[in-house]
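Below is one structure, written out as structure tokens, with a few remarks after it.
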Amino acid sequence: LEFRRDLLQWADTPDRQRTLWTACKHDILFFINAFCWLYEPRGSRLVGTSSNVVPFITYGFQDRAFLAMQEAFEKQDIGVEKSRDLGATWMSLTLLFHRWMFFEFSSLGVMSRVENMVDKPGKRDTLMWKLDFLLKGDAGHGGLPAWMRPSKVYRSMMMMENQDNGSTFEGAATTESAWRGGRKGCIFIDEYAAFPAGDDYKALASTQHATDCRLFVSTPLGASGAYYDVMHQPSNIKKIILDWS
């Protein structure tokens with residue numbers, strides 16, 4: 001916190017702000033550890049603070065996972081196997097958010113098993129709310145400094161556009177037609193093993209030709225289903241295990 005405070009005090013001119021903006025573009029770990037925040041509503045998970053908004057300070061296993069995902073980003077499918085409470089959803093969203101913030105015309109998708117888990121006004125558990133939070137925080141807490149944010153952002157249900165650089169987020173729930181007519185640089189599919197039987201394979205089929213990079217993230221749930229097949233059948237998928245041993 002002291003480091004972040006001193007960094008923001010140092011960034012008191014447009015030239016210094018541009019220097020930090022450029023550093024964030026080229027180093028995702030610096031961006032996260034210097035400027036990103038998390039929302040954690042469970043008091044039992046908080047140490048040394050009574051605030052539910054905490055700085056995103058990456059662990060070593062997260063650093064390795066971020067760099068591995070970034071290497072494969074927009075090039076090949078990525079499969080992440082994880083335990084609960086390792087921050088994998090926040091990690092995946094932050095990876096895509098970094099691309100949305102700093103790279104032009106990035107077209108990005110986020111998917112969950114039902115629409116209310118992708119976007120619903122006032123619901124803090126949704127994927128799109130977490131993206132909103134990474135950008136501007138909530139109730140005056142968290143979010144990027146004003147000088148770093150895009151000057152114009154268009155936000156509607158299931159859609160978020162950075163009008164400074166043309167990059168977009170689009171949300172979708174599990175349907176046979178999700179993104180069949182569109183193209184995405186990357187599609188993040190959250191808790192894929194928990195998709196209802198049948199819907200998991202529909203999501204697999206509908207996203208197959210929409211992108212070269214699907215980011216499958218889930219806690220394993222048995223030895224069957226589309227997520228199990230994705231993680232165990234021979235393919236060129238980039239497999240990442242968030243080791244909880």
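The values are calculated or read from the model by the stated rules, or taken from the named source; none is laboratory data. Every value quoted in this text rests on a predicted model; they were computed, and no experiment measured them. Cβ: placed from backbone, ideal geometry, glycine included. Neighbour counts: every protein chain shown. Protein only, heavy atoms only, side chains kept; ligands, DNA and RNA dropped before computing areas. Shrake-Rupley method; radii C 1.70, N 1.55, O 1.52, S 1.80 Å.
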When the accessible area of the chain is computed with all protein chains present and a 1.4 Å probe, what percentage of it is carbon and sulfur? 50
For residue 167, the accessible surface traced by a 1.4 Å probe with all protein chains present amounts, in square angstrom to the nearest 10, to 0
Could you tell me the accessible area of residue 75 in Å² (1.4 Å probe, neighbours in place), rounded to the nearest ten? 140
Membrane-span-like helices in the chain: DSSP H runs reaching 20 Å or more (Cα, own axis), mean Kyte hydropathy at least 0.0? 88-102
Once both label points are put 7 Å beyond Cα along the C-beta direction, the residue 2-residue 163 separation in nm becomes 4.2
In Å², what does the accessible area per residue of the chain work out to with a 1.4 Å probe? 49
Residue farthest toward the positive end of the dipole of the chain, with Cβ of Lys/Arg at +1 and Asp/Glu at -1: which of 145, 171, 92? 145
Using a 4.7 Å cut-off between beta carbons, which cysteines in the chain end up with no partner cysteine at all? 24, 36
Sum -39500 (n - 2.57) across every DSSP H segment of at least 4 residues in the chain, then divide by the residue count to get the 222 nm mean residue ellipticity, nearest 500. -10500 deg cm²/dmol
So if I take the centroid of the Cα atoms in segment 69-105 and the same for segment 15-45, what is the distance between those two points in Å? 15
Segment 197-214 and segment 123-189 have their Cα centres apart by a whole-number Å value of 20
For residue 113, what accessible surface area do you get with a 1.4 Å probe? Give it in Å², rounded to 10. 80
Whole-number D in µm² s⁻¹ for the chain, Kirkwood Cα-pair radius fed into Stokes-Einstein, 4 °C, 1.567 mPa s: 70
Sorted by accessible area with a 1.4 angstrom probe, largest first, how do 129, 37 fall? 37, 129
When every protein chain stays in place and a 1.4 Å probe is rolled, 13, 58 sorted by accessible area with the largest first are 13, 58
What percent antiparallel are the DSSP beta bridges of the chain, to the nearest 5? 35
For a label point 7 Å from the Cα of residue 61 along Cα→C-beta, name the residues of segment 215-245 whose backbone N is under 12 Å from it. 241-245
